[in-house]
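Just below is one structure, and these are the notes that go with it.
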Amino acid sequence: MRSKMTKRFMVMLAMLLAATFALAGAKSPIGYWKQISDNDGKLHSIVKVYRSHGVLKGKVVRGFRINGRLPQQYCSKCPGHFKNKKILGLVFLWGFKYNKNSGWWEGGHILDPNSGDMYKCKMALTKNGTRLHVRGYIGISLFGRTQTWLWIPPSKVKAELAKGLKY
């Protein structure tokens, strides 16, 4: 009898913890994000942010039709080793480390595959970890623009990825 009660307690505790984490959102940018354009407010891609060699990186894992048109497949305007690389799977965010004083992930860079331009970049979580402000800039942060990406909870990643193009 005691074993059944312990098992029930452990199951209830696990369910409570899972629900708490699901409601809380992401605690770091690591995970999947809907990249929403700051120009037209539409979903352009799904990005996977991950840790590699102590820094955060991000790559495109799905693209979406924009105004009925397929997105670019190759980074034709990109510089250096990015030139003519396939955009799907392209690491276009790199070099971010957390700054506990500012609350931002800083020191990174972002590549715009549409224009081929590279910018300094920083990121910050808001709305209890469900929004990621990604700010690309030249020189100082004042001269830049910000996109707000939407967090995809782990339980919904598979369904969201299925909606995108596999081009």
Q: Please give, to one decimal in nm, the separation of the simple spin-label points placed at S102 and S155, each 7 Å out from Cα toward the Cβ.
A: 3.5
Q. On average over all directions, what projected area in square nanometres does segment 25-163 have, based on the convex hull of its Cα atoms?
A. 8.6
**Q.** Those trypsin sites (Lys or Arg not before Pro) in segment 97-167 that DSSP places in a loop and that have at most 12 other beta carbons within 10 Å
**A.** K100, K166
Q. Could you name the lysines in cross-link range of K127, using Cα to Cα under 21 Å and dropping any fewer than eight places away on the same chain?
A. K27, K34, K42, K48, K97, K100, K156
Q: Give me the distance in nm between label points sitting 7 Å out from Cα along the Cα-to-Cβ direction at N39 and T130, one decimal.
A: 2.9
Q. For the modelled label position 7 Å from the Cα of H53 along Cα-to-Cβ, which residues of segment 96-111 have backbone nitrogen atoms closer than 15 Å?
A. 96-97, 108-109
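Under the definition of Cα pairs under 8 Å and six or more residues apart, what whole-number percent is the relative contact order of segment 25-163?
Relative contact order, segment 25-163: 23 percent.
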(Q) Modelling each spin label as a point 7 Å along the Cα-to-Cβ direction, I'd like the I138/Q72 distance in nm, to one decimal. (A) 1.7
Q | Formal net charge of residues neighbouring R145 (Cβ-Cβ distance under 15 Å; K, R +1; D, E -1) | A | -1
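Just so you know, all these numbers are worked out from the coordinates, no wet-lab data involved. In this text, all values refer to a predicted model and were calculated from it rather than measured experimentally. All Cβ positions, glycine included, derive from the backbone under ideal geometry; neighbour counts span all protein chains shown.
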